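Take a look at the structure set out below.
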Amino acid sequence: MIWSFRDRSVTLGRRPLVMGIVNVTPDSFSDGGRHSTADAAIEHALRLAADGADFLDVGGESSRPGAKPVSLDEELARVVPVIRGVVRQTDVPLSIDTTKAEVARQALQVGAAIVNDITAAGDPGMAEVVRQFSAGIVLMHMQGTPETMQANPTYQDVVSEVRDYLAGRVAALVASGVRAERLAIDPGIGFGKTSAHNLTLLRELGQLQVMGRPVVLGVSRKGFVGEIARRPVTERLAASLAAACYCAAQGTAQVLRVHDVAATVDAAKVIGAIAG
């Protein structure tokens, strides 16, 4: 399986690749805004690169449950200096975590290679920006918005509904002129789902493989692993690794989006070695 972005392509096999999270926000659920300044975020990103991250995902708008949107200008002020600073010091591909086409455009202009969009290109201009820059894009499923998504998530069949939604978004992007090999998908664990929904999706994640596109999986420090392990957000590494590695070892997740890069890289290497 090939994932292409800008002038690069990666081959995705049984060793999962690791995407390190760089939150440039004051209200992140996971790190309490410790990297909310440009200098701190750049330093953190370079540390994740040194720890072995295959990708770095920079975001300037929190998508935690209950989060309110930020303005275009505020988001640009948070992420553009970070991306500009990081690309000067590492060749690890950068992803911009945004729902706004203009943020994606300016991030790609200064060196990002991938757009990570929790609305699956809901902004009407997003597909054109991705096509113009030959960028990669991650299309995620979410029921509702970050502000409302956990109010009362309801599905008749969570697996088929998530699969059908993502298949529709893949088809729409391809129809708009984005090449299929530039697309990846994300089931949106924790985004408008109960713990039961999350567990069902992880158990049946292989059903998303029918689209032929790589699966980016974000379970790091999520609330459902905290509920199962009965651990606060700062003590969820083992639980997060268990969920991510369960899927990666079965070949149903090709990219793991995580906070704890070093430990996940070690786990990914072992999974790859066992898988041969």
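Considering only residues of the range 244-253 that are within 17 Å of the chain's Cα centre (by Cα) and surrounded by fewer than 24 Cβ atoms within 10 Å (Cβ to Cβ), which is farthest from GLY212 (Cα to Cα)? Full working, then the answer.
The initial filter retains those residues of the range 244-253 that are within 17 Å of the chain's Cα centre (by Cα), namely 244-245, 247-248, 252-253.
The next check asks that each one be surrounded by fewer than 24 Cβ atoms within 10 Å (Cβ to Cβ); those that pass are 245, 247, 252.
Working: CYS245: 20, CYS247: 16, THR252: 11 Å.
Filtering the range 244-253 for residues that are within 17 Å of the chain's Cα centre (by Cα) and surrounded by fewer than 24 Cβ atoms within 10 Å (Cβ to Cβ), the one farthest from GLY212 (Cα to Cα) comes out as CYS245.
Please indicate, with yes or no, whether at least one residue in the range 105-118 is of a type in the set (D, E, K, R), open to solvent by less than 20 Å² (accessible area, probe 1.4 Å) and either within 23 Å of MET211 (Cβ to Cβ) or not in a loop (DSSP other than H, G, I, E, B) (or both).
Going residue by residue through the range 105-118, those that are of a type in the set (D, E, K, R) are 105, 117.
Applying the additional criterion that residues be open to solvent by less than 20 Å² (accessible area, probe 1.4 Å) yields 117.
Adding the requirement that they be either within 23 Å of MET211 (Cβ to Cβ) or not in a loop (DSSP other than H, G, I, E, B) (or both) leaves 117.
Within the range 105-118, one or more residues are of a type in the set (D, E, K, R), open to solvent by less than 20 Å² (accessible area, probe 1.4 Å) and either within 23 Å of MET211 (Cβ to Cβ) or not in a loop (DSSP other than H, G, I, E, B) (or both).
With respect to GLY192, determine if the residue is open to solvent by less than 10 Å² (accessible area, probe 1.4 Å) and without any contact (Cβ under 8 Å) to a residue 24 or more places away in the chain. Spell out the reasoning first.
Numbers: open to solvent by less than 10 Å² (accessible area, probe 1.4 Å): yes; without any contact (Cβ under 8 Å) to a residue 24 or more places away in the chain: no.
No: the conditions fail for GLY192.
Would a scan of the range 230-237 turn up a residue that is closer than 23 Å to GLY59 by Cα and within 15 Å of the chain's Cα centre (by Cα)?
No, that holds for no residue.
Keeping to the range 208-220, report how many residues are modelled with pLDDT under 95 and either at positive phi or open to solvent by 10 Å² or more (accessible area, probe 1.4 Å) (or both). Spell out the reasoning first.
Of the residues in the range 208-220, the ones modelled with pLDDT under 95 are 208-212.
Now narrow it down to the ones that are either at positive phi or open to solvent by 10 Å² or more (accessible area, probe 1.4 Å) (or both): 209-212.
Residues in the range 208-220 being modelled with pLDDT under 95 and either at positive phi or open to solvent by 10 Å² or more (accessible area, probe 1.4 Å) (or both): 4 in total.
Return yes when THR154 is hydroxyl-bearing (Ser, Thr, Tyr) and within 22 Å of GLY60 (Cβ to Cβ) and no when it is not. Break it down into steps so the answer makes sense when it comes.
Numbers: hydroxyl-bearing (Ser, Thr, Tyr): yes; within 22 Å of GLY60 (Cβ to Cβ): no.
Answer is no for this residue.
Can you tell me which residues in the range 149-184 are touching a Pro at 6+ places or on another chain (Cβ under 7 Å) and open to solvent by less than 70 Å² (accessible area, probe 1.4 Å)? Give the derivation first.
Step one: of the range 149-184, the residues touching a Pro at 6+ places or on another chain (Cβ under 7 Å) are 149-150, 162, 184.
Hits for the range 149-184 are MET149, VAL162, ALA184.
Scan the range 49-66 and tell me whether some residue there is closer than 21 Å to VAL255 by Cβ, in contact with a helix residue (DSSP H, G or I) (Cβ under 6 Å, 6 or more places away or on another chain) and among the β-branched types (Val, Ile, Thr).
Among the residues of the range 49-66, at least one is closer than 21 Å to VAL255 by Cβ, in contact with a helix residue (DSSP H, G or I) (Cβ under 6 Å, 6 or more places away or on another chain) and among the β-branched types (Val, Ile, Thr), which makes the answer yes.
The values are calculated or read from the model by the stated rules, or taken from the named source; none is laboratory data. Predicted model only: the values in this text are computed from it and were never measured. Counting neighbours? That spans all protein chains shown, and the Cβs are built from the backbone with ideal geometry, glycine included. Surface areas here come from the heavy atoms of the whole protein model, side chains and all, with no ligands, DNA or RNA. Shrake-Rupley method; radii C 1.70, N 1.55, O 1.52, S 1.80 Å.
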